[in-house]
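Engineer: Attaching a single structure in structure tokens format; questions to follow.
The values are calculated or read from the model by the stated rules, or taken from the named source; none is laboratory data. A quick note: this is a predicted structure, and the numbers were derived from the prediction, not measured. All Cβ positions, even for glycine, are placed from backbone atoms using ideal geometry, and neighbour counts span all protein chains on display.
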Amino acid sequence: MWESSTEPMGVKQVTSGREHGRTPSEVTSMPAHPTSPAHRPSPERTSSQPRPLGTTSSRQPCSRSVRPLCDRSWQAVERYLDMNPGSSVCLEEMARAACASPYHFARRFRQRTGKSPMEYVMGKRIESAKNALAGDSSRICALAQDLGFSDQSHFCRTFSRYVGVTPRAFRLQMHGHPLKE
């Protein structure tokens, strides 16, 4: 049977094939068109099937290793962080300094340092706080503000999580005062 699309759109008329000058048996015995699926050899995998994960077009396993940040990008990020110690730093700004997309920057940064960019920034802030607490007698709330923490409470919680003692206790230890138990 044949489908004819001479009717209005969406309506198909089924005919026997005699209107086209052929009988149904003649139609089935005709060779397939060269581009029809019946004429093509059947490969192992057709192009419409998805490629297995981890393979490239040449069927070689693709490498999933990530190259770490190059030295030039690393130095640009370090300069950016040193120039903006107390400002709020976001991933997009750090990636822009390294001339990379945020996604690739974060992956390459983690490959180089073993930390996420934000963990690294927080570690640098805590190291700066430790140096400041050991050196001078500035107020803890002023130090928290200078380092970019939202408030003193946030600074104290973060400092305690990283160092194991509060900023005040750390300062007392650095100046030779024993901690009261």
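Engineer: Looking at Ser63, Ser58, Ser88, which is the one that is modelled with pLDDT under 90, within 30 Å of Cys156 (Cβ to Cβ) and surrounded by fewer than 13 Cβ atoms within 10 Å (Cβ to Cβ)? Steps first, answer last, please.
Structural biologist: Values: Ser63 fails: within 30 Å of Cys156 (Cβ to Cβ); Ser58 fails: within 30 Å of Cys156 (Cβ to Cβ).
Result: Ser88 is the single residue among Ser63, Ser58, Ser88 that is modelled with pLDDT under 90, within 30 Å of Cys156 (Cβ to Cβ) and surrounded by fewer than 13 Cβ atoms within 10 Å (Cβ to Cβ).
Engineer: Taking segment 63-113 on its own, how many of its residues are in contact (Cβ under 8 Å) with a residue 40 or more places away in the chain and over 27 Å from Ser150 (Cβ atoms)?
Structural biologist: Residues flagged as in contact (Cβ under 8 Å) with a residue 40 or more places away in the chain and over 27 Å from Ser150 (Cβ atoms) within segment 63-113 amount to 8.
Engineer: With the requirement that a residue be within 17 Å of Leu81 (Cβ to Cβ) and of a type in the set (A, V, I, L, M, F, W, C), what does segment 124-171 give you?
Structural biologist: Ile126, Ala129, Ala132, Leu147, Phe149, listed by residue number.
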